[in-house]
Amino acid sequence: MGENRKVQGALAEFSNPSEILHAAEKVRDAGFHEWDVHSPFPIHGMDDAMGERPSPLGWMVSIAALTGVTGGLAMQWWMNAVDYKLVIAGKALFSYQAFFPVTFAMGVLLSVVTAVFGMLWLNKLRYHHPVFSSDNFERSTDDAFFISILAEDKKFDPKKTPQFLEEIGGINVELLEDE
């Protein structure tokens, strides 16, 4: 560990998808909360191994879509049937068929905005993740599998956590330091 450098977490490499799947179960069972698995492709069963809950994003987008549809329809009803009544060619003041394009567009607009910002919020997007300071981590998009445990975790210990990662099969275990 370098002079005046703060430990940000620990990183361990694993040989194959099966090993990292079992290691993820052990990290979950050990009680860590601020950790992640990095793999060049999705691994079937990893969500269960990590103890991940289903995402609430679908519900958030559904509520936003219904809000957009309701708001778009209500806005047009108010403007045409209440605020500025104008009969054109004997048509009804509230002609929902003509309101469909705006109603649909409002539903899509609110859904998309909610999906983008909800995803960023739920993913806890970081501009700089501590794993980026590791030279080994460059292989995570090619042929390597990693587990990172962040120092923010209550159970993290700069001496015990790397030992734990080695005990569960990690190779090239390293402490992640700020740059």
For the chain, averaging the sequence separation of alpha carbon pairs under 8 Å that lie six or more residues apart and dividing by its residue count, the contact order in percent is 50 percent
Simple SL model, points at 7 angstrom along Cα→Cβ for ARG126 and LYS155; separation in nm is 1.8 nm
Scoring the stretch 57-122 by relative contact order with C-alpha pairs under 8 Å, at least six apart, yields a percentage of 55 percent
For the pair TRP78 and GLU52, the simple spin-label estimate (label points 7 Å beyond Cα toward Cβ) gives in nm 4.0 nm
Fewest to most Cβ atoms within 10 Å: PHE145, PHE100 sort as PHE100, PHE145
About its Cα centre, the chain carries a charge dipole, from +1 on Lys and Arg Cβ atoms and -1 on Asp and Glu Cβ atoms, whose size in debye to the nearest 20 is 1300 debye
Given 84-97, 10-23, 43-56, 159-172, the highest-first ranking by average Cβ count within 10 Å works out to 10-23, 159-172, 43-56, 84-97
Rg/Rh of the stretch 57-122 (Cα atoms, Kirkwood Rh), to two decimals, equals 1.15
Taking only Cα atoms of the chain, the Rg to Rh ratio with Kirkwood Rh works out at 1.27
The percentage of Cα-Cα pairs in the stretch 75-179 separated by more than 22 Å is 61 percent
Excluding residues fewer than 8 positions from LYS160 in its own chain, the lysines with Cα under 22 Å of it are LYS6, LYS26
Put in order of increasing Cβ neighbours within 10 Å, starting from the fewest, THR67, THR141, THR114 give THR141, THR67, THR114
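Since every read-out is calculated from the coordinates, none of them should be taken as a lab result. Predicted model, so just to flag it, every value in this text is computed and none were measured. Backbone-built Cβ (ideal geometry, glycine too); neighbour counts: all protein chains shown.
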